[in-house]
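The structure under discussion appears below in the form of structure tokens.
The values are calculated or read from the model by the stated rules, or taken from the named source; none is laboratory data. Computed from a predicted model, the values in this text were never measured in an experiment. With ideal geometry, Cβ positions are generated from the backbone for all residues, glycine too; neighbour counts draw on all protein chains shown.
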Amino acid sequence: MTSTVAADLPVAGGKGAIEVADTGNVVKRTKKRLTSKGATIASLIIAVIWTIPTFGLLITSLRPQQEITRSGWWEVFAKWDFTIENYQTVLANPDLAKSIINSIAISIPGTIIPLVIAALAAYAFAWMDFKGKDLLFVAVFTLQIVPIQMTLVPLLSLFSRGIVIGGETFFEGFRGAGIFTQVWIAHSIFALPLAIFLLHNFIREIPAEVIEAARVDGAGHGQIFFRIVLPLTVPAIASFAIFQFLWVWNDLLVALIFASGAASPITRTLAELTGEFGQNAYLLPAGAFIAMIIPLIVFFALQRYFVRGLLAGSTKG
């Protein structure tokens with residue numbers, strides 16, 4: 001027993017000792033770069049510049065209508081005049097609560113559906129061998145450059161009459177689907193190329209020895225995915241989930257086309273809040289801050305996973 005343990009230990013000057021030393025050096029270099037004074041100062045400057053528009057929006061949301069239309073938000077330092085009337089007006093909108101619920105009903109499935117599909121597809125591209133895998137992965141990757149606007153007409157055609165092939169109509173059931181189904185499908189389609197690409201890169205970094213050891217023990221692809229790959233991929237999934245949730249929550253283009261009437265989300269309600277000729281545009285800053293509450297809750301709830309997902313692979317040699 002003692003000899004076996006001793007044999008497993010890296011011998012001084014051996015290959016194992018060199019690998020351990022190289023890994024330690026990479027970690028030290030990475031920590032030094034991330035904690036240097038220059039990086040800290042640059043991060044603070046970027047954070048301040050990035051925060052200024054949000055701070056200005058907050059100040060504007062608390063100013064009276066006359067002051068908003070007459071002068072810029074920075075003039076508040078010369079004349080302190082704040083009010084909560086804008087928030088009261090927005091909260092008094094009878095459609096606001098319903099639109100927030102609609103946004104939740106759209107954003108959660110619009111985040112979960114593409115993540116489930118993308119995780120399975122990413123595993124297949126990373127650890128399964130099948131004919132045309134590389135070509136298909138390149139095709140999925142190139143779909144990221146297709147503008148969303150170019151896909152709206154085919155999607156509208158799909159949702160309205162289905163796809164006709166050889167006289168047979170497919171996907172005709174989308175016409176009678178629920179009020180949110182079309183929005184979920186649209187957001188899932190738009191998110192899949194980037195989600196598959198990012199998760200594939202993360203899953204591919206899992207050591208091959210781990211996958212091979214599971215296969216030797218008789219584990220199939222399903223067991224490997226759910227018991228090994230999925231737990232290790234949680235940081236990447238959480239990171240993309242935050243981005244996807246924010247994209248869906250703040251989306252207006254898809255909402256204007258596919259989410260009308262009873263399915264109107266918060267972004268569409270805020271756009272309609274301004275009035276026909278924008279006479280109520282002064283209410284938008286207050287409405288924007290009200291709409292921020294739930295995304296902020298989601299971000300802070302998943303923040304630790306988000307940071308781990310962003311730093312994943314930073315210590316690779």
Of the candidates L273, L302, the one satisfying the condition of being within 28 Å of Q66 (Cβ to Cβ) and surrounded by 14 or more Cβ atoms within 10 Å (Cβ to Cβ) is L273
Flag if V248 is surrounded by 13 or more Cβ atoms within 10 Å (Cβ to Cβ), in a helix (DSSP H, G or I), among the β-branched types (V, I, T) and modelled with pLDDT of 90 or more
yes
Selection from region 73-97 of residues assigned to a helix (DSSP H, G or I) and without any contact (Cβ under 8 Å) to a residue 12 or more places away in the chain yields E75, F77, Q88, A97
Scanning region 286-301 for residues that are farther than 17 Å from T51 by Cα and in contact with a Leu (Cβ under 6 Å, 6 or more places away or on another chain) gives G287
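Yes/no matrix, rows are residues, columns are (1) among the aromatic types (F, W, Y); (2) surrounded by 15 or more Cβ atoms within 10 Å (Cβ to Cβ); (3) in contact with a strand residue (DSSP E or B) (Cβ under 8 Å, 6 or more places away or on another chain); (4) modelled with pLDDT of 95 or more:
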position: W74; (1), (2), (3), (4): yes, no, no, no
position: K79; (1), (2), (3), (4): no, no, no, no
position: I84; (1), (2), (3), (4): no, no, no, no
position: Q88; (1), (2), (3), (4): no, no, no, no
position: P94; (1), (2), (3), (4): no, no, no, no
position: S99; (1), (2), (3), (4): no, yes, no, no
position: A105; (1), (2), (3), (4): no, yes, no, no
position: A122; (1), (2), (3), (4): no, yes, no, no
